[in-house]
1. Please compute the length gained on full extension between Met116 and Leu163, using 0.36 nm multiplied by the number of residues separating them and subtracting their Cα-Cα distance.
2. Can you tell which of Asn188, Asn137, Asn167 shows the greatest fluctuation in a Gaussian network model of the chain with Cα springs below 10 Å?
3. Semi-axes, largest first, in whole Å: what does sqrt of 5 times each Cα gyration tensor eigenvalue give for the range 131-205?
4. Quick one: divide the alpha-carbon radius of gyration of the chain by 2.2 N^0.38 Å and tell me what you get.
5. Which trypsin sites (Lys or Arg not before Pro) in the range 4-65 pass both tests, a DSSP loop state and at most 16 other beta-carbon atoms within 10 Å?
6. Please report the spacing between the Cα centers of the range 163-190 and the range 14-40 in Å, no decimals.
Amino acid sequence: LAPERLAGEEGGPLYMRLQTMIRGAIMEGRLVPNDALPAEREMAASLHVSRVTVRKAIQGLVAEGVLRQRHGSGTFVSSGVGRVEQPLSRLTSFTEDMRSRGLIPTASWLERSIGMPTSAEAMILGLSPAERVARFNRLRLADNEPMAIERAVVPARILPDPLVVENSLYDALAAVGMRPVRAVQRLNAENVGGADAAMLGLAPGSAALSIERISYLPDGRVVEFTRSHYRGDAYDFVAELNLS
Ligand code: GLP
């Protein structure tokens, strides 16, 4: 982003010319997804414009989805993931959901262990006393963009070695003939704070969807209890409604 270029951009207020210049840098590949923009102060100094101009230009491009602000770490070129439209009526996995959109799903592990369930987990999974759970806590990413934090428990008798889950929990369950066939999902609005907001790249108190999924095997046994936080600014949940 050079001052000569800004001077070369024609017409309109300065902040719009700066936007045109940033869009141009992205189109020409000089800025690529997830590249960080210089700090507002540095951009203003090197382009000989005011910080107000830089801020206005950036805010506009953030609103358009061209740039994304990550709390505490600055402004980045969007990965192009944009908002994801997620149907609510099909029992799919995160991995399948992202792949079907041409995005690469990955996970950053927060916890993968065998341990004792909480009393709520034991009740929901229908565990006998002293039965243990495999715990899978992950930050889930699509094309390196954080999308959701998921905390899943599965009876340990079903997945005694939690390390079998490398990428997809549902693939690991399918491999032992235990892929769920039905689930009940509950969605709530929530403001995320603390570590969860930071991992999702959100300012503390940002809007998120809190989703709980209880999944069942064909014989009615519960195989999975998952609590997650999905980024409110990244998801549209869509359901088809029929008059019955
Ligand atoms: C979705 C569901 C989770 C489920 C996960 C499995 O994200 N909300 O309840 O555990 O899919 O995804 P994967 O097989 O990619 O681990």
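Laboratory data are not the source of any read-out in this text; all were calculated from the coordinates shown. No experiment lies behind these values; they were computed from the predicted model shown. We place every Cβ from the backbone using ideal geometry, glycine too, and count neighbours over all the protein chains shown.
1. 15.2 nm is the gain from fully extending Met116 to Leu163.
2. Ranking Asn188, Asn137, Asn167 by mean-square fluctuation puts Asn188 first.
3. Working: eigenvalues 141, 41, 32 Å².
For the range 131-205, the ellipsoid semi-axes come out as 27, 14, 13 Å.
4. 1.25
5. Taking the range 4-65 and a limit of 16 other Cβ atoms within 10 Å, the loop trypsin sites (Lys or Arg not before Pro) found are Arg30.
6. Cα centroid of the range 163-190 versus Cα centroid of the range 14-40: 40 Å apart.
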